[in-house]
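Written below as structure tokens is the structure these notes are about.
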């Protein structure tokens, strides 16, 4: 992942996105960033998401979605390193328990801050991008189809 982290850092710098959260990024920078991310071969089958409405129980929904994504992607003997933005110790213990119940073998589970990790910033950007797509924002419509056609993003079923 070192190489991917460096690639993402370069893309952030060259597109002007920098370390800003998605909501604080200008439209042109969003589009430029996504165009570059679309070209990263390591991201094939790398972004999974589920959309929920009418609930805010993220501590329950997060491990459910993580487990579903891992089971969709993993095969054989696998190891997972899971980092969740803003996860505190109490939530970490609950998420770890929920993952165990769902049969997920994990090597490491930790909380992080998106300001400190290119991969968490990518996750923040992809979540914001998918939210923009679902909200019908024009810039996101064609880009979403391109990400799906390149098999980078996968919407998990409910």
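Readers should treat all values here as calculations from the given coordinates under stated rules, not as data from a laboratory. Just so we're clear, the structure is a prediction, and the values are computed from it rather than from any experiment. FYI the Cβ positions are ideal-geometry reconstructions off the backbone, even for glycines, and counts take in every protein chain you see.
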_Using Stokes-Einstein with the Kirkwood hydrodynamic radius over Cα pairs, what translational diffusion coefficient do you get for the range 1-79 at 10 °C and a viscosity of 1.306 mPa s, in µm²/s rounded to a whole number?_
106 µm²/s
*Regarding the chain, what are the three Cα extents along the principal axes, ordered largest first, in Å?*
42, 34, 31
*Length-normalised contact order of the chain in % [C-alpha pairs under 8 Å, at least 6 apart]*: 33 percent
_the chain: angle of helix 89-101 to the longest principal axis, Cα-based, in degrees nearest 10_ = 70 degrees
*Summing -39500 (n - 2.57) over the DSSP H runs of n ≥ 4 in the chain and dividing by its residue number, what mean residue ellipticity at 222 nm do you reach, to the nearest 500 deg cm²/dmol?*
-17000 deg cm²/dmol
*asked:* Cut-off is 10 Å between beta-carbons; in what order do 144, 33 appear when sorted fewest neighbours first?
replied: 144, 33
*asked:* For the chain, set up a GNM with springs between Cα atoms under 10 Å and report which of 124, 132, 77 has the largest fluctuation.
replied: 77
*For helix 138-149, what angle does its Cα long axis make with the longest principal axis of the chain, in degrees from 0 to 90 and rounded to 10?*
60 degrees
*Using the alpha-carbon atoms, what tilt in degrees (0 to 90, nearest 10) does helix 58-73 show relative to the longest principal axis of the chain?*
80 degrees
